[in-house]
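Contents: one structure, followed by commentary.
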């Protein structure tokens, strides 16, 4: 009758793998309350180092094929960014975040861990740094070559713009007091501009009118698109809504481009 395998044998390797091999065998023996010589024997017989390095060949062909299957790795250029000695660590992170979101304020906020006000002031300013701008352009070019945007992605993005709700950005409390929503809880990609002046903060969203026009043309050409029903419903709600822009207090203004943007953008 075959000898029953000690369950601690597998547990010992799991501990060894958890520490990536950087743990004394004596410590493993102590944790499992077994002689350290036993652990050394298990290590040799079960070829722990080979397993850890991915070179141990399993007898089971199917499991071996799965282990050796290579996953396609997409090089997004961020590894080189993190090795760019011309940039500070914070600038490196800023470049990476900005190349993904194109939002200077949010990218600065994440990279520097500062206040939102500081990020709002310094984020756009950092884009003027020659080294930062050059690295961002490199990352954008890599992204341009790799990215594949489908029609569905474009439809969903324009619908987000067309039906953005200003209530997501501000809250009107008792006494008509207006409170800004925390930046991490809103879709910052839909914000075109944020200003702070003597009359308070002004938030300008992306042009809703242009997105509505784009969607109208798209659904005219693709009347059976799966988004069509949702679009018609939201457009009807938008036309029926009689929402007032909450700028009467002078503290916050939401410029929601429902009437179009005449600044030529």
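The values are calculated or read from the model by the stated rules, or taken from the named source; none is laboratory data. A quick note: this is a predicted structure, and the numbers were derived from the prediction, not measured. Quick reminder, even Gly has a Cβ in these numbers, built from the backbone with ideal geometry, and neighbours come from all protein chains shown.
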For this session: Having 1 or more residues that are modelled with pLDDT under 90 and exposed (fewer than 14 other Cβ atoms within 10 Å of the Cβ) is the bar; report the strands (runs of 3 or more DSSP E) wholly within the range 116-222 that clear it.
Result: 170-173, 177-180, 191-197
For this session: Note down all Cβ pairs under 9 Å where the first residue falls in the range 164-189 and is on the phi > 0 side of the Ramachandran plot, the second is surrounded by fewer than 13 Cβ atoms within 10 Å (Cβ to Cβ) and in a loop (DSSP other than H, G, I, E, B), and they're at least six residues apart or on different chains.
Result: 176/248
Exercise. What about residue 225, is it free of Cβ contacts under 8 Å to residues at least 60 places away in the same chain and either assigned by TED's automatic domain parsing to the domain that holds residue 122 or over 23 Å from the mean Cα position of the chain (by Cα) (or both)?
Worked result: no
Problem set entry | Test for residue 238: is it within 30 Å of residue 175 (Cβ to Cβ), in a helix (DSSP H, G or I), within 31 Å of the chain's Cα centre (by Cα) and at pLDDT 80 or above | yes
